[in-house]
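Before any comments, here is the structure.
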């Protein structure tokens, strides 16, 4: 098992190098010049000497290869540099916004797991019954609705309902307060976005749970378990569910990894100053260092979540042992 | 046993095929009612997009400042937006944009992914290893972030939006197709084809690709839905199709939030249009999967 973990970590390196090269290249392909943007008016009125000084300050006067090596070396030392736009350390910019995005992602994951696994299982057990049709319709509706539209509609509903009940509409607070400082205020800010994202997340996971349960329930060992006279509850919980959960765990892991920086539109709708919005701003401002750091954060999260999921497999299914 | 002459055999086959295919469609509708509902939804939206010029009562881009944010009425059945544009007309023309983007992305991304996935599985070894690592890198980027970057490089507009959404779909398709193709690579008829001296491209295109078409077609329907959602998201962020083109996501970006409490129809109807279209594709794709996968048929 230790050798497997080491091998997997080693295999991560080419993925990270490839991702670093791709984001580095993409950013440099974007037309425009951050120094020109910083100096205003698209640089049309800027003094060329000022632009040259700016380039030197940001290291953009060096060759592309040197810039890439500097970026890669900095990444492996966990030194992400300075934001080319704000001048603050990139780590500080991300650290200020990561807690809220992480909190929303975690809450959405919990909501998704609590909804998806029981409903997906019931839907599989009652295939083609009205319960199955209702659950499938709800799941497909969840993946069909744009999350930003769901967010807008949920805000509308909350406004109307609170106006009708309390005489005045209620809006979630927009300034972030950590959970341990004011749990109620914190939850009132994140609950709507978490539910919006969680519903879609649950829909995707529910469909996968149903699909894998249907396959597992047709296996010979399930027939054997029933033939032995085992109670249906034990057949499902002890024999079917653990095997059916393997692909579901993978899916939940991958979705979580993408959620951290994938909350772009949700954060836009709910006016949340999270990592997703930071991503959009970084790309629009051509902030190379910040964009590169954010992409690498996403890629690292993705590959290590995949590794964690693979290790979880061994716990879920003792037959799986990685050499 | 007398062999039928090929033309006669073909005619007999054709005659036998037609009633069977009609019976197959009826059987599909009977076994998969939800899938049929999905197909009908998709066809309604497709017809709306194709016949937008005849169906829409107004031009999608003509402003009417005397009729700004009007609620639904007989004159404007879905109301008007903040520029007085008829929402129903914009939704009908938006269906065309959605389908153009959805189908283009799904077909280009799907076919490219299909070829890459099958080739990767067929050749195996270092080619497979390198290709999978490259696809890993592209897949590790969230779809919206990859699309953001491509739009930033190449600019907005329908063609660049299609490119932006197609690129992330390719590795997703290639991965799924590869897993199916890996199983097919080991079957005897592939060995037989090699033994007969057939070239790589012939074996891949004539023997392997047809056998992975079932999961591929199912994925294609899902991709159309995903592409429509991605286009809506990009337009909402202001990075997709630009004004005054009618696009559902763009309609939500405009006045939806600003007028949410005073003119909620601006937010509701475009969202319902997106949801119904993707819903239709998802229902149909699910039904197709249930119909094509014998393991998932009813007990």
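Would you give the gap between the C-alpha center of region B:220-286 and the C-alpha center of region B:192-209, rounded to a whole Å?
So the two Cα centres are separated by 43 Å.
In peptide B:237-247, how many Cβ atoms from other protein chains are near each Cβ within 10 Å, on average? Display every interim value, and only then the final one.
Values: counts 6, 3, 3, 0, 0, 0, 0, 0, 0, 0, 0.
Counting Cβ atoms of other protein chains within 10 Å of each residue's Cβ and averaging gives 1.
When only Cα pairs under 8 Å and 6 or more residues apart are kept, what is the percent relative contact order across chain B? Intermediate results must be reported in sequence, preceding the final value.
Values: 417 pairs, mean separation 71.9, N = 299.
Computed over chain B, the figure is 24 percent.
May I ask for the angle, rounded to the nearest 10°, between helix B:265-292 and the longest principal axis of chain B, with both axes built from Cα atoms and the value confined to 0 to 90°?
With both axes taken from Cα atoms, the answer is about 10 degrees.
Using Cβ contacts closer than 10 Å as the measure, can you line up A:107, B:45 from fewest to most?
Values: A:107 18, B:45 25.
Starting with the residue having the fewest Cβ neighbours, the order is A:107, B:45.
For a distance above 21 Å, tell me the whole-number percent of Cα pairs in region A:176-323 that qualify. The partial results should precede the final answer.
Numbers: 6595 of 10878 pairs.
In whole percent, the share of Cα-Cα pairs in region A:176-323 beyond 21 Å is 61.
Apply 1/(1 + (r/R0)^6) to the Cβ-Cβ distance of residue A:166 and residue B:258, taking R0 = 25 Å, and write down the FRET efficiency to the nearest 0.05. Don't jump to the answer; show the numbers that get you there.
Details: r = 24 Å, r/R0 = 0.96.
The pair residue A:166/residue B:258 has a calculated efficiency of 0.55.
Give the residues of region A:158-172 whose amide nitrogen is closer than 17 Å to a point set 7 Å from the Cα of residue A:184 in the direction of its Cβ.
Within reach of a label on residue A:184: A:166, A:170-172.
In percent, how large is the relative contact order of chain A, given Cα pairs closer than 8 Å and 6 or more residues apart? Display every interim value, and only then the final one.
On the way: 343 pairs, mean separation 84.8, N = 323.
Dividing the mean separation by the residue count of chain A yields 26 percent.
What area, in nm² and to one decimal, does the C-alpha convex hull of region B:170-299 cast on average over all directions? Intermediate values should be presented prior to the final figure.
Working: hull surface 46.7 nm².
For region B:170-299, the mean projected area of the Cα convex hull comes to 11.7 nm².
Compute the long axis of helix A:64-76 from its Cα atoms, compare it with the longest principal axis of the Cα atoms of chain A, and write down the angle in degrees, 0 to 90, nearest 10.
Roughly 50 degrees, rounded to the nearest 10.
Just how far, in whole angstrom, is region A:129-183 from region A:31-104 if you go by their alpha carbon centroids?
Each part's Cα centre sits 37 Å from the other's.
Evaluate the distance, in nm, between pseudo-label points positioned 7 Å from the Cα of residue A:232 and of residue A:3 along their respective Cα→Cβ axes.
My value for the distance between the label points is 4.6 nm.
Quick one: B:85, A:218, fewest Cβ neighbours within 10 Å first, how do they rank? Don't skip to the end; give the middle numbers.
Values: B:85 23, A:218 13.
Least to most surrounded, the residues fall as A:218, B:85.
Taking square-rooted eigenvalues a ≥ b ≥ c of the alpha carbon gyration tensor, is region A:108-149 rounded, prolate or oblate, where a/c under 1.5 means rounded and, failing that, a/b exceeding b/c means prolate? Write down the numbers at each step before the final one.
Working: a/c = 4.14, a/b = 1.40, b/c = 2.95.
Verdict is oblate for region A:108-149.
By how many degrees, 0 to 90 and rounded to 10, does the Cα axis of helix B:158-185 deviate from the longest principal axis of chain B?
30 degrees
Pulled fully out, how much extra length does the chain show between residue A:77 and residue A:17, if you take 0.36 nm times their separation in residues and subtract their Cα-Cα distance? Intermediate results must be reported in sequence, preceding the final value.
Numbers: separation 60, 0.36 × 60 = 21.60 nm, distance 1.41 nm.
Fully extending the segment from residue A:77 to residue A:17 adds 20.2 nm.
Arranged by the count of other C-beta atoms within 10 angstrom, fewest first, what order do A:71, B:65 take?
Numbers: A:71 23, B:65 8.
Listed from fewest to most nearby Cβ atoms, that is B:65, A:71.
Separation between the residue B:129 and residue B:194 pseudo-spin-labels, each 7 Å from Cα along Cα→Cβ, expressed in nm?
Inter-label distance under the simple model: 1.9 nm.
I want to check the label-to-label distance for residue A:62 and residue A:311. Put each point 7 Å from Cα in the C-beta direction and report it in nm to one decimal.
Label-label distance for residue A:62 and residue A:311, simple model: 3.4 nm.
Between residue B:217 and residue A:126, what FRET efficiency comes out of the Förster formula 1/(1 + (r/R0)^6) with R0 = 25 Å and r the beta carbon distance, rounded to 0.05? Don't skip to the answer; put the middle values down first.
Details: r = 28 Å, r/R0 = 1.10.
Plugging the Cβ-Cβ distance into 1/(1 + (r/R0)^6) gives 0.35.
Values in this text are rule-based calculations from the coordinates and carry no lab data. All values reported here derive from a predicted model rather than from experimental measurement. So basically every Cβ, Gly included, is an ideal-geometry build from the backbone, and we count neighbours across all protein chains shown.
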